[in-house]
Amino acid sequence: MTNTLVSNMAPRDLLRAISACIRRDMHCDVVGVFISDSDQRQLRLRAFDFPERTGSSAKEDSVFPLDGTLVGRAFKTGKPIVVGRGEDVAKEDGINDDVCKIRGEPIKSVCALPLIRRNRTFGILALGSRVENSFSTEDVDFLVRVAGQVAIAVENALVYREIAELKDKLAQEKLYLEEEIRTTADFDGIVGQSSALRQVLQLVETVATSDSTVLLMGETGTGKELIAQAIHDRSQRKARTLIKLNCAAIPTGLLESELFGHERGAFTGAITQKFGRLELADQATLFLDEVGDIPLELQPKLLRVLQDGEFERLGSTRTKKVDIRLVAATNRDLDQMIETRQFRSDLYYRLNVFPIRVPPLRERPEDIPLLVRYFSQKYARRMEKRIESIPAAAMRKLTHWHWPGNIRELQNLVERAVILTRSSTLAISVPELGSNGAGPSRNGTPDEQERIVRILKETNGLVGGPNGAAARMGLKRTTLLTRMKKLGIDPRKLP
């Protein structure tokens, strides 16, 4: 028995070896090892040794209640229970079911022994025989000592498994962090002093200390990932890593595995066990970028995580619990997606606990000079150049452009300018921005202004509603009103 206990460290292998060894040494017909679930409300059959199981429907991982069963009674009392006569066994409610589920092969003797460690019962060792009075007092005394050793071995094996899983998790976190360092955002902080940005940062300070779900909404390239990082850095979870997942950058077939993880053999190519981003984000913050691109069939699983903190890896029946703080981001109109049944309304309500709108760059033009200087100095250091000045005329053009690509577009343009610069003055060549007076202005493009005016005329000045200009342009009413204000368009004064 000792050799068996010390030669297996994997919990499942250990329990199977224990069951087989005890059945052979005790000359009984069936041995089962039951381990309680984490909430200690039920027992799960973790090992089952019964070579002559003709007609038996018992199988490992079957679940058994504590009430109304012999193993449940032994678990709750913490004392061995022995039933030695067939008629007494028959009186035990569900005994044939909860021990081995035999059909046509009645068990006449049963011995159930609690597995106790550190004054806590965590399982049951159960033996069954088709011979009456099969377990003598000496047998029970011996089995009590065996159960004590088994409890120690099982506890060690469970701790070993936990350490192994934590080691694997840390290894995958290390790989994730190394990849994150290589692909992290191109600037370290949030640059800007505009009132629109200050309002966003005030909301960040307000919500960061709570564990509430945050939904970041805004156009692509506005820096939603930086806002998510700012929320995490000011939260109580800042000691852990911000785990990120771009839902639009991963193929639909792999997104479920990336989010929830998978077991070995769960699908073709799953040669090892993989931790999902949910497990990596346990006790930390999970940032789901482009959450509007999550497939409809995965949305109920994400909703379950948000509601109950539970999920299963692909290919596993074992429920895992996680404690995560979710920050989601999208550049899509989720309200419209709900109307077209592309996004679940119940998931939207769970995500939309604390919405923050990240303003586009055209709504914070006073930040453009700061960003240009920041990016120019950053890329100049990287390319070992020295940029001391930026032409005022070029800066005016940059400030007047409406920037459809937002900060990402500005960043790429400045990087290109630094590459072309041969002196200490930044050589910004921006013919695509247009010339003064003819090209795009700070208030928008002539084409955009003309289009809005034309559609307002067609709708007789109606902005909102199903037949309004906003609906025809595929915009929110508030978004269109903001653009009209910046363009100086008053629907009451249309020609």
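Computed over segment 446-493, the alpha-carbon pair-distance distribution with 5 angstrom bins reads 5, 25, 39, 26, 5, 0, each value a whole percent. Excluding same-chain neighbours fewer than eight residues apart, the lysines reachable from residue 244 by a Cα-Cα span under 24 Å are 167, 169, 174, 224, 274, 301, 320, 321.
Only DSSP H runs of four or more residues enter the estimate; each adds -39500 (n - 2.57), and after division by the residues of the chain the mean residue ellipticity at 222 nm equals -13500 deg cm²/dmol. In terms of the mean number of neighbouring beta-carbon atoms within 10 Å, the peptides 246-256, 398-408 order highest first as 398-408, 246-256.
With both residues required to sit in the chain, DSSP beta bridges show an antiparallel share near 65%. Its Cα gyration tensor gives segment 107-163 an equivalent ellipsoid. The semi-axes, each the square root of 5 times an eigenvalue, are 26, 11, 8 Å from largest down. Using the alpha carbons alone, the radius of gyration of segment 361-433 stands to its Kirkwood radius in an Rg to Rh ratio of 0.93. For residue 109, the amide hydrogen comes within under 5 Å of the amide hydrogens of 129, 131, counting only partners 5 or more places away or on other chains and with H modelled in the peptide plane.
Grab the alpha carbons of the chain, take their convex hull, and tell me the volume per residue in Å³.
So the per-residue Cα hull volume is 198 Å³.
Please list the helices of the chain that count as membrane-span-like by this rule: a mean Kyte-Doolittle hydropathy of at least -1.0 together with Cα atoms stretching 20 Å or more along the helix axis, each helix being a complete DSSP H run. What comes out of the filter, once short or polar helices are dropped, is 11-26, 137-183, 368-382, 406-420. Distant-in-sequence amide contacts of residue 46, defined by a placed amide H-H separation under 5 Å and a gap of 5 or more residues or a different chain, comprise 33, 34, 35, 61. Taking other Cβ atoms within 10 Å as a rough exposure proxy, 5, 14 sort from fewest to most as 5, 14.
Taking a straight Cα-Cα cut-off under 19 Å and skipping sequence neighbours fewer than 8 places away in the same chain, the lysines within cross-link reach of residue 493 are 457, 485. Amide H contacts for residue 357 (H built 1.01 Å from N in the peptide plane; partners 5 or more residues away or on another chain; cut-off under 5 Å): 217. Distances between every pair of Cα atoms in segment 184-357, grouped in 10 Å steps from 0 to the bin holding the largest one, split as 10, 38, 36, 15, 2, 0 percent. Neighbour counts of C-beta atoms inside 10 Å place 131, 82, 327, 414 in the sequence 131, 82, 414, 327, starting with the fewest.
Read-outs throughout are calculated quantities, based only on the coordinates presented, and are distinct from any laboratory measurement. Computed from a predicted structure; not experimentally measured. All Cβ positions, glycine included, derive from the backbone under ideal geometry; neighbour counts span all protein chains shown.
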